[in-house]
Amino acid sequence: MSQQRTTAEWRALDAAHHVHPFSDAHSLNRQGARVMTRADGIYLWDSDGNKIIDGMAGLWCVNIGYGRHDMTAAASRQMDELPFYNTFFKTTHPAVVELSALLAKVAPEGFNHVFYTNSGSESVDTMIRMVRRYWDVAGKPSKKTLIGRWNGYHGSTMGGASLGGMDYMHAQGGLPIPDMAHIEQPWWYKFGKDMSRDEFGLLAAGWLEDRILEIGPDNVAAFVGEPIQGAGGVIIPPDTYWPEIERICRKYDVLLVADEVICGFGRTGEWFGQQRFGFRPDIFTAAKGLTSGYLPMGAVFLNEKVAEGLAAGGDFNHGFTYSGHPVAAAVARANILALRDEGIIDRVRHDTGPYMQERWRQVFGQFDHVDDVRGVGLIQAFTLVKDKATRTLFPNWGETGLICRDIFFRNNLIMRACADHMVASPPLVMTRAQIDEMLGVAER
Ligand code: PLP
């Protein structure tokens, strides 16, 4: 931005004209938003010149870090060549073809088909329609219900927010839409106090079987879950959980869907979270790390069974003007080449991920009111608790987290409070020295 204003001027204009997502407009405008003006690597700068460590990679998305000129060059080249054309009516373009072929290479084996959207929410809504259409075409139209999990987050559209399990979202705007059901999250710390993690994983997966039997297998279309629940508080399931979920889905002929919007593209040290947890979905959704947030783009990946099943039905009446947008596709391709050819995901898996987990436990394990210090790859969390010995949470669930988040923010470190879970999900290019720098600020 070449136009310069003072922080106060920006704040006043923002308060006057800009409606923020997930915000209480009155309190935000009283306080004034922090104005971010530039970024490089893992750092942001605000309009007062403060240098801030971005422990959240934007919103869990800037996986390759800020300031990459290969990304801007890819966007600029594509804008000159073909800034837009749609992919609706028997047309395609090289940018989307090249991206699709590359994605088929980096995706888990068997995922050779990709549908494009502009966001995670649109990917989830697209998936909901695909799942129901799949069963219609298969001659089982009663299979309509999708089962998600409490505290799961699947976006803000009508379908995504209904499938998600955020009750404060269900309370607004006439949600949930029909034929959505939920089971409890696989949160061992809260629900598995008297058992091992592995035992609890099987118990929590069993809740899916109970729910399927309650609704009737002939009415259940799919189970949908994030490999690790992100916005629900970085809830990392026991290793026994996902394989058992997969077994149950197969037993009752229910499609298994992974929402990889956060876990996808390297967050867990594997390309996709399903690879970390050893399960094979039929469909998975993605966004965020697909372009590292440089431009909006989402995707829905289909295995052969679903792709063929949908194709057998002829027209699928669904799509967005910007599905497969050429500039977003060129940027996504540059991003994926960087993740692959610079060994960024391998580094998270073998070096910076394990280092972060070790240091994270050292730093946060020492406090009386911090427990369940956890992480995988470069996604981690701890929970603020009233009493560690009895695993008792604070009664005003969520208040302490906000206080903690604000203290970090004032000290130029961005971490997020998901209720009383404090979470971090930094750019995957973060070095060991930068991990020490981030944790040094947090510890102080
Ligand atoms: N699914 C998951 C797992 C997410 O974490 C999010 C966003 O955080 C979404 C879907 C929605 O993505 P978007 O905000 O791009 O619509």
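The residue list PRO243, PRO238 contains one member that is more than 16 Å from the ligand (Cβ to nearest atom) and surrounded by fewer than 22 Cβ atoms within 10 Å (Cβ to Cβ), which is PRO243.
Residues checked against (1) touching a residue at least 24 places away in the same chain (Cβ under 8 Å); (2) closer than 18 Å to GLY58 by Cα:
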| site | (1), (2) |
| --- | --- |
| VAL373 | no, no |
| VAL376 | yes, no |
| THR392 | no, no |
| ARG416 | yes, yes |
| VAL423 | yes, yes |
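Scanning the range 60-83 for residues that are among the small types (Gly, Ala, Ser) and surrounded by fewer than 21 Cβ atoms within 10 Å (Cβ to Cβ) gives GLY67, ALA73, ALA75, SER76.
Residue check: ALA101 meets all listed conditions (1) away from the ligand (no atom under 16 Å from the Cβ); (2) small (Gly, Ala, Ser); (3) assigned to a strand (DSSP E or B) but one, namely (3).
When the test is whether a residue is surrounded by fewer than 14 Cβ atoms within 10 Å (Cβ to Cβ), away from the ligand (no atom under 16 Å from the Cβ) and hydrophobic (A, V, I, L, M, F, W, C), PHE111 does not pass it. Every test in (1) of a type in the set (S, T, N, Q); (2) surrounded by fewer than 23 Cβ atoms within 10 Å (Cβ to Cβ); (3) within 16 Å of the ligand (Cβ to nearest atom) is passed by ASN86 save one, and that test is (3). Kindly indicate whether ILE128 is within 16 Å of the ligand (Cβ to nearest atom), closer than 30 Å to ALA417 by Cα and either of a type in the set (A, V, I, L, M, F, W, C) or out of contact with any Ser or Thr (no Cβ under 8 Å at 6 or more places or on another chain) (or both). When the stated conditions are applied, ILE128 passes them. Might you let me know whether the range 239-248 holds any residue that is among the basic types (Lys, Arg) and free of Cβ contacts under 8 Å to residues at least 60 places away in the same chain? Looking for residues that are among the basic types (Lys, Arg) and free of Cβ contacts under 8 Å to residues at least 60 places away in the same chain, one finds at least one in the range 239-248, hence yes.
Yes or no, residue by residue, for (1) of a type outside the set (Phe, Trp, Tyr); (2) within 13 Å of the ligand (Cβ to nearest atom):
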| position | (1), (2) |
| --- | --- |
| LEU255 | yes, no |
| ILE262 | yes, yes |
| GLY269 | yes, no |
| PHE272 | no, yes |
| ARG280 | yes, no |
| GLY293 | yes, yes |
| MET297 | yes, yes |
| GLU304 | yes, no |
| GLU308 | yes, no |
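With respect to being surrounded by 21 or more Cβ atoms within 10 Å (Cβ to Cβ), farther than 20 Å from GLY230 by Cα and either of a type in the set (Asp, Glu) or away from the ligand (no atom under 16 Å from the Cβ) (or both), GLY324 fits the description. Applying the criterion of being of a type in the set (Asp, Glu) and in contact with a strand residue (DSSP E or B) (Cβ under 8 Å, 6 or more places away or on another chain) to the residues of the range 259-280, the residue that is surrounded by the most Cβ atoms within 10 Å (Cβ to Cβ) is ASP259.
List the strands (runs of 3 or more DSSP E) that sit entirely inside the range 338-444 and contain at least 2 residues that are over 22 Å from the mean Cα position of the chain (by Cα).
Working: elements: 370-376, 379-387, 416-418, 421-424.
Here the list reads 370-376, 379-387.
Quick one: is THR390 out of contact with any strand residue (DSSP E or B) (no Cβ under 9 Å at 6 or more places or on another chain) and of a type in the set (Ser, Thr, Tyr)? It is true that THR390 is out of contact with any strand residue (DSSP E or B) (no Cβ under 9 Å at 6 or more places or on another chain) and of a type in the set (Ser, Thr, Tyr). Within the range 111-128, residues that are among the β-branched types (Val, Ile, Thr) reach partners that are assigned to a helix (DSSP H, G or I) and near the ligand (Cβ under 8 Å from one of its atoms) with beta carbons closer than 7 Å, at six or more positions or on different chains, in the pairs THR117/SER123; VAL124/GLY160.
Picking from residues in the range 246-258 that are touching a Pro at 6+ places or on another chain (Cβ under 7 Å) and not in a loop (DSSP other than H, G, I, E, B), the one that is surrounded by the fewest Cβ atoms within 10 Å (Cβ to Cβ) is LEU256. When the range 221-256 is filtered for residues that are out of contact with any Cys (no Cβ under 9 Å at 6 or more places or on another chain) and within 20 Å of ARG133 (Cα to Cα), the ones remaining, listed by number, are ALA221, VAL224, GLY225, CYS249, ARG250, TYR252, ASP253, VAL254. Condition first: part of a loop (DSSP other than H, G, I, E, B), modelled with pLDDT of 95 or more, small (Gly, Ala, Ser) and buried (at least 24 other Cβ atoms within 10 Å of the Cβ). Can you find one or more residues in the range 300-317 that meet it? No; the residues of the range 300-317 include none that is part of a loop (DSSP other than H, G, I, E, B), modelled with pLDDT of 95 or more, small (Gly, Ala, Ser) and buried (at least 24 other Cβ atoms within 10 Å of the Cβ).
Table: residues versus (1) within 21 Å of ALA75 (Cβ to Cβ); (2) touching a Leu at 6+ places or on another chain (Cβ under 6 Å).
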site	(1), (2)
GLY269	no, no
GLN275	no, no
ASP282	no, yes
LYS288	yes, no
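The values are calculated or read from the model by the stated rules, or taken from the named source; none is laboratory data. Remember, predicted model here, so these are calculated numbers, not experimental data. Neighbour counts run over all protein chains shown; Cβ positions are idealised from the backbone, glycine included.
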